[in-house]
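One structure is given here, and the rest of the page talks about it.
Each value in this text was obtained by applying a stated rule to the coordinates, not by laboratory testing. All values reported here derive from a predicted model rather than from experimental measurement. Cβ sites come from the backbone with ideal geometry, for glycine too, and all protein chains shown count toward neighbours.
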Amino acid sequence: MKLNLPRFAFPISLFGTAVGVAVLVKDASQGTKYEKDTKLSGRTVIVTGANSGIGKATALELAKRGGRVILACRDLQSADKVREEIIEESFNPNVAIKHLDLVSLQSIADFAKDINSSERRLDVLVNNAGVMNIGRKRQVTSDGFELHLGVNFLGPFLLTLLLLPKLQESKPARVVNVTTVSMNKASIDFDDFNGSKDYDPYMAYPRSKLALMSFTEQFSQRFQETGVTAYAVYPGVTQSRLARGMANSRISSSLFKPSTIFMRRADSAAQTILYCCLEPGVEKFSGLCLKDMKPMDTKFVDPKDATRLWNIAHVWTCLEKLKQSFTNPGAVS
């Protein structure tokens with residue numbers, strides 16, 4: 001028996017199949033969900049860049065679990081709105097906002113001094129805030145560091161080490177650094193570490209995240225015995241303000257916009273961060289990078305380069321001078 005189908009039946013069927021496949025791919029791209037109902041009552045967590053995207057999703061979920069959550073943000077007006085949203089949705093009033101601008105060493109020092117003096121404890125630090133200005137002209141922080149280098153590596157380095165005493169007092173404590181899979185294609189140019197001679201607008205971001213991964217490994221090796229562990233997390237390609245840094249030309253924008261359908265939602269991207277913040281026994285992964293709650297291969301990280309990066313960051317961030325200023329206010333003007 002021959003069916004006389006309308007001419008448009010096949011195109012409609014094909015379109016329906018394509019939509020179905022797209023939905024399946026999108027669902028699969030969201031990754032693994034952290035299912036455990038681990039509580040945070042009595043514990044304190046700092047999430048940098050918590051006024052949008054992955055940071056906001058992370059802060060919301062941690063607030064739902066009863067912890068004291070500190071939103072460390074540059075834009076206090078935006079952060080205040082997010083704080084109200086998180087309190088309303090989590091039924092947890094113990095959500096605070098504090099100013100932190102990673103483009104300024106002084107801002108980082110002021111924030112850390114405030115936390116060390118005013119907070120009773122600090123159990124988890126999530127270094128989520130970052131910049132990604134791919135393809136654009138070189139920019140610098142207020143201290144003269146190339147923007148990606150300053151915000152994505154030197155900032156978290158200084159912040160973490162200035163908060164280390166409070167983390168150690170609260171042990172076991174954790175540091176979670178958000179990075180990217182593209183770091184495995186990067187390399188560190190120590191001859192032009194600040195990108196002032198031959199700036200590569202497409203490698204600056206992954207290079208800064210490679211430095212952050214190196215910091216994660218070094219930190220774990222140096223401080224794990226003190227009860228403070230560290231983890232890097234690749235959250236997957238995510239619909240966020242950071243990802244929109246890719247859309248900086250007509251060509252990239254035209255490619256970027258359709259691809260967002262397959263990107264992870266912020267709440268999905270936050271799942272492995274939550275795993276590192278909450279999972280009992282995750283200490284076995286200290287110093288590693290995790291994706292979908294499983295360790296990634298990070299053999300591309302050179303231990304000698306990691307040590308050298310640590311030493312450079314130690315000097316460039318004026319770490320010792322700033323630490324001294326905490327106990328001797330007259331040490332830094």
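State the extension gain, in nm to one decimal, for the chain segment bounded by Asp189 and Gln77, taking 0.36 nm per residue of separation less the distance between their alpha-carbons.
Going from the current span to full extension adds 36.5 nm.
Of Gly31, Leu71, Gly55, which is farthest on the positive side of the dipole of the range 30-73, counting Cα position, with +1 on Lys and Arg Cβ, -1 on Asp and Glu Cβ, and the Cα centre as origin?
Positive-end residue among those listed: Leu71.
Placing +1 at every Lys and Arg Cβ and -1 at every Asp and Glu Cβ, with all other atoms neutral, what dipole size does the range 75-177 have around its Cα centre, in debye to the nearest 20?
For the range 75-177, the charge dipole is close to 380 debye.
Taking a ≥ b ≥ c as the square roots of the eigenvalues of the Cα gyration tensor of the range 133-181, is the shape rounded (a/c under 1.5), prolate (a/b larger than b/c) or oblate?
Verdict is oblate for the range 133-181.
Can you give the extra length, in nm with one decimal, that the chain gains between Glu85 and Glu35 once fully stretched, where that is 0.36 nm per residue apart less the Cα-Cα distance?
Here the segment from Glu85 to Glu35 would lengthen by 15.7 nm.
Using r as the Cβ-Cβ distance of Asn311 and Val181, and R0 as 41 Å, what FRET efficiency do you calculate, to the nearest 0.05?
Calculated value: 0.95.
Give me Phe153, Phe145, Phe215 ranked fewest to most by other Cβ atoms within 10 Å of their Cβ, as a rough exposure proxy.
Final ranking by Cβ density, sparse to dense: Phe145, Phe215, Phe153.
Below 13 angstrom from the Cβ of Trp316, what's the summed charge of the other residues (Lys, Arg +1; Asp, Glu -1)?
-1
In whole angstrom, how far apart do the alpha carbon centroids of the range 261-305 and the range 137-165 sit?
The range 261-305 and the range 137-165 have Cα centres spaced 21 Å from each other.
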